[in-house]
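Below you'll find the structure, written out as structure tokens, and then a few comments.
The values are calculated or read from the model by the stated rules, or taken from the named source; none is laboratory data. Quick caveat: nothing in here was measured; it's all calculated off a predicted structure. Every residue, glycine among them, receives a Cβ derived from its backbone with ideal geometry; neighbour counts consider all protein chains shown. These area figures cover heavy atoms from the full protein model, side chains too; ligands, DNA and RNA do not enter into them. Shrake-Rupley method; radii C 1.70, N 1.55, O 1.52, S 1.80 Å.
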Amino acid sequence: MPVSAFEARTRQFDRAPIGTRGYLEPQVDAFLERVAATLDGDDDLSVSDVHDVAFAKAALSKRGYDPTAVDAFLRDVESTLAGLSQSSGYYIAPALEHTHTRKPLWRRR
């Protein structure tokens, strides 16, 4: 699902479940502002920048943003940026690459 700059700026995430530590909110918000600027053409984040981003954990008392929701949204951002950066061809998400899979046990010899 394509992500717009407006959606990146206004996206709201649920809090992490009680007893868990989510992502630090100011870091996520600052990164999403960079995503929105990139979608507007004012910044130059790449697909690998989005894929490799890491956020600090929030204090346990604060909980922070739910990591599952943030990661799902960032996967959509990756797909959107990949579609913008490639004029032709297909984008294979890193999670779907099968170049390093093991051979089945019955084929090892």
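If Thr99 passes every condition in (1) assigned to a loop (DSSP other than H, G, I, E, B); (2) under 20 Å from Met1 (Cα atoms); (3) at pLDDT below 85 but one, which one does it miss?
(2)
Output the qualifying pairs, or none if there are none: Cβ atoms under 7 angstrom, residues six or more apart or on different chains, first residue in region 19-42 and of a type in the set (Gly, Ala, Ser), second residue assigned to a loop (DSSP other than H, G, I, E, B).
Note: pairs meeting the criteria are Gly22/Ala16; Gly22/Ala58; Gly22/Arg63; Gly22/Gly64; Gly22/Asp66; Ala37/Asp43.
Given the conditions (1) surrounded by fewer than 10 Cβ atoms within 10 Å (Cβ to Cβ); (2) part of a helix (DSSP H, G or I); (3) at pLDDT 70 or above, report the number of the one that Trp106 does not fulfil.
Only one criterion in (1) surrounded by fewer than 10 Cβ atoms within 10 Å (Cβ to Cβ); (2) part of a helix (DSSP H, G or I); (3) at pLDDT 70 or above is unmet by Trp106, namely (3).
Out of (1) modelled with pLDDT of 80 or more; (2) open to solvent by less than 60 Å² (accessible area, probe 1.4 Å); (3) farther than 19 Å from Glu7 by Cα, the odd one out for Pro94 is which?
For Pro94, the failing item is (1).
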